[in-house]
């Protein structure tokens, strides 16, 4: 098979690097997002207001729990430690975000038909974050992670 055909049907290769970039990008995003909600009074107050506006229960608990999960989960994903578990925790948070605020934003976009409505849902950043997290939950952290190093160590020590 020539190189052009190979590229057209298999891609250019480097999927390990692409998976690592995906993992690091989403990890840094959530880590920074959670950090600011935890340690910046203005961002924290905005979070509390949004939780109230969306009808999220247990504000006193969730105003700290949500950003703590974002911060710690994002940090874990960035370095690749317990990555599928961290991604699953963040996936739950992002699904709640889509369910509570996504439909409101899609209504604001005023979709003209069902195809446009689907496009609007896919336009939401949270939808793309959810897909990125699903890639991590299903595909794991990849070979450039602490998880891979730990797994390699465990396999060779037994």
Query raised in the report: Looking at region 6-13, is at least one residue surrounded by fewer than 13 Cβ atoms within 10 Å (Cβ to Cβ) and within 21 Å of residue 148 (Cβ to Cβ)?
Result: yes
Query - Tally, over region 18-41, of residues that are more than 11 Å from the chain's Cα centre (by Cα), touching a residue at least 24 places away in the same chain (Cβ under 8 Å) and more than 15 Å from residue 72 (Cα to Cα) - result: 2
Query - Residue check, residue 55 surrounded by 12 or more Cβ atoms within 10 Å (Cβ to Cβ) and either within 21 Å of residue 126 (Cβ to Cβ) or within 19 Å of the chain's Cα centre (by Cα) (or both) - result: no
Query - Single match in 88, 122, 81, 68 (criterion: closer than 29 Å to residue 20 by Cα and without any contact (Cβ under 8 Å) to a residue 12 or more places away in the chain) - result: 122
Requested in this report: Can you tell me which residue among 47, 19, 81, 88 is under 23 Å from residue 150 (Cα atoms) and buried (at least 18 other Cβ atoms within 10 Å of the Cβ)?
Outcome: 19
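All of the numbers you see were taken from the coordinates with simple rules; none came from a lab. Every value quoted in this text rests on a predicted model; they were computed, and no experiment measured them. Cβ atoms come from the backbone with ideal geometry, glycine included; neighbour counts cover every protein chain shown.
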